[in-house]
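Here is the structure we will look at, set down as structure tokens.
A short reminder: the numbers here are calculations on the coordinates, not readings from a lab. Predicted, not measured: the structure shown is a model, and the values here were computed from it. So basically every Cβ, Gly included, is an ideal-geometry build from the backbone, and we count neighbours across all protein chains shown.
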């Protein structure tokens, strides 16, 4: 199951969801950090697709996330700081063009895709390359 953390409308993300579901992936959407942690703890999660600009919720400090602009980055840092989650493959999928995010993604070998530049088939390719597993695999 892929945990998709993004507060965009599902209508906006529908073509990406459809592409992944048609390829056999199960998507579990979470709109905010609190929902994300609930889903992650409940598991099992085979991969994470993370937006960067998100509401902060209770688990991310407003100032450290630059008023929500970097919430997704702070969440990924917290996720990978916990040993049981360190091997979950992730993809950053955002409209944001931020050097700190780019540097972190490069340093941690996390693919970074820009929503505005990515076709659904390209996201599917990145998911497969990242090693996220299909439903029942």
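Estimated from the Cβ-Cβ distance and a Förster radius of 30 angstrom, the FRET efficiency linking residue 15 and residue 86 is about 0.45. Angle of helix 71-81 to the longest C-alpha principal axis of the chain, folded into 0 to 90 degrees and rounded to 10: 80°. Remark: spin-label model distance residue 7-residue 121 equals 3.4 nm, labels positioned 7 Å along the Cα→Cβ axis.
At 0.36 nm per residue, and after removing the present C-alpha to C-alpha distance, how many nm does the segment from residue 114 to residue 67 gain when stretched out fully?
Values: separation 47, 0.36 × 47 = 16.92 nm, distance 2.07 nm.
Length gained between residue 114 and residue 67: 14.8 nm.
So what's the projected area for the chain, the Cα convex hull averaged over all directions, in nm²? Each step should come with its number before you reach the end.
Numbers: hull surface 30.2 nm².
Spelled out: convex hull of the Cα atoms, projected over all directions, averaged, 7.5 nm².
Distance from the Cα centroid of the stretch 61-96 to that of the stretch 5-40 is 16 Å (rounded to whole angstrom).
Let me check against my output: what whole-number percent is the relative contact order of the chain, with C-alpha pairs under 8 Å and at least 6 apart? Provide the component values of the computation, followed by the final result.
Details: 211 pairs, mean separation 36.4, N = 137.
So the answer I get is 27 percent.
Based on the alpha-carbon gyration tensor of the stretch 1-68 and its eigenvalue square roots a ≥ b ≥ c, which shape applies: rounded if a/c is under 1.5, prolate if not and a/b is larger than b/c, or oblate?
Values: a/c = 2.92, a/b = 1.57, b/c = 1.85.
It comes out oblate by the Cα gyration axes.
Between the helical axis of 33-42 and the longest alpha-carbon principal axis of the chain there is an angle of about 50 degrees.
For the chain, the 222 nm mean residue ellipticity estimated from helices alone, with every DSSP H stretch of n ≥ 4 adding -39500 (n - 2.57) and the total spread over all residues, rounds to -12000 deg cm²/dmol.
Modelled spin labels at residue 106 and residue 23, positioned 7 Å past Cα toward Cβ, are 2.6 nm from each other.
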